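Structure first, commentary second.
We did not get these values from a lab; they are worked out from the coordinates using the rules stated. Note that the structure is predicted; figures quoted are calculated from it, not measured. Note that we place each Cβ from the backbone using ideal geometry, even for glycine, and neighbour counts take in every protein chain shown.
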Amino acid sequence: MPDVLPLARTNAEARLFVSLQPCPACGESRCTFRSAVVTVDGVLASRYSGDCPTCAQHREYEFRLPEKILPPPAESVRFGEDDPSELLDPGVWLWYSDIAVGQVPVDRTGLDDRALRAARHAVATAIAAVDEVSKFLPPGTDRIPSSAFTSADGRAVYAREPGRFTRARLDAVRASYQANLTRWNNS
Ligand SMILES: [Zn+2]
């Protein structure tokens, strides 16, 4: 029996996941992937494939498609519905949220429409990534259990600042990003 493919809830989630995987042959992080819908053992799947720009290694990832395809929202970012990610753990999601918010300019003077759109998109991405972290909070608990951190990168983020993974902190971060987005939307 083949292993069950991991679920990618959205195209955005699959794209993010493959972008974070280094080339297994040489460690190069850049790669341009193209995607296609394929059938793997009778199951509809999405396949991301590309060739490493450094060592030409062919790279391929396959994901299970969700039962219901979630369309990308027009003005925001969404990586999935309420179920937690099967591809990335909460430590990686919080790290990615930090990366996204780090791309938001501090000062908006002199920015053209394109730059403003990019800034809004970066904040929306940060919010969506924080939401992904919060999906790992078990109902009725105030913090994410350490067992939820399943990757080396995610565990490192958790080990550095475990206090960031409480419900109160995550809610506060989300609220501040949401206020940030509202300011960008009004500019
Ligand atoms: Zn390579």
| request: Considering only the stretch 99-125, state which residues are in contact (Cβ under 8 Å) with a residue 24 or more places away in the chain, under 26 Å from ARG164 (Cβ atoms), not in a loop (DSSP other than H, G, I, E, B) and not polar (S, T, N, Q). | output: ALA100, VAL101, ALA119, ARG120, HIS121, VAL123, ALA124
| Only one residue in PRO138, PRO73 is exposed (fewer than 13 other Cβ atoms within 10 Å of the Cβ) and in contact with a Pro (Cβ under 8 Å, 6 or more places away or on another chain). Which one? | PRO138
| note | Over the stretch 154-166, the set of residues charged (D, E, K, R) and surrounded by 14 or more Cβ atoms within 10 Å (Cβ to Cβ) is ARG155, ARG164
| note | Reported set for the stretch 178-187 where residues are surrounded by fewer than 18 Cβ atoms within 10 Å (Cβ to Cβ) and in contact (Cβ under 8 Å) with a residue 12 or more places away in the chain is GLN178, ASN185, SER187
| note | Taking the stretch 1-29 and keeping only residues that are polar (S, T, N, Q), part of a loop (DSSP other than H, G, I, E, B) and loosely packed, with under 15 Cβ neighbours inside 10 Å, one is left with GLN21, SER29
| query | When residues of the stretch 54-69 are filtered for being out of contact with any Pro (no Cβ under 9 Å at 6 or more places or on another chain), more than 16 Å from the ligand (Cβ to nearest atom) and farther than 22 Å from PRO139 by Cβ, how many remain? | reply | 4
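Here's the yes/no breakdown for (1) among the hydroxyl-bearing types (Ser, Thr, Tyr); (2) assigned to a loop (DSSP other than H, G, I, E, B); (3) surrounded by fewer than 21 Cβ atoms within 10 Å (Cβ to Cβ):
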{"position": "ARG78", "(1), (2), (3)": "no, yes, yes"}
{"position": "GLY91", "(1), (2), (3)": "no, no, no"}
{"position": "VAL130", "(1), (2), (3)": "no, no, no"}
{"position": "SER147", "(1), (2), (3)": "yes, no, yes"}
{"position": "ARG169", "(1), (2), (3)": "no, no, yes"}
{"position": "SER176", "(1), (2), (3)": "yes, no, yes"}
| task | Sort out which residues of the stretch 8-29 are free of Cβ contacts under 8 Å to residues at least 24 places away in the same chain and away from the ligand (no atom under 13 Å from the Cβ), and write them in order of number. | result | SER19
| message | So, in the stretch 30-53, exactly how many residues are surrounded by 11 or more Cβ atoms within 10 Å (Cβ to Cβ) and either within 10 Å of the ligand (Cβ to nearest atom) or of a type in the set (Lys, Arg) (or both)? | response | 6
| field | Tally of residues being over 16 Å from PRO6 (Cβ atoms) and either surrounded by fewer than 13 Cβ atoms within 10 Å (Cβ to Cβ) or of a type in the set (Val, Ile, Thr) (or both) across the stretch 54-67 | value | 4
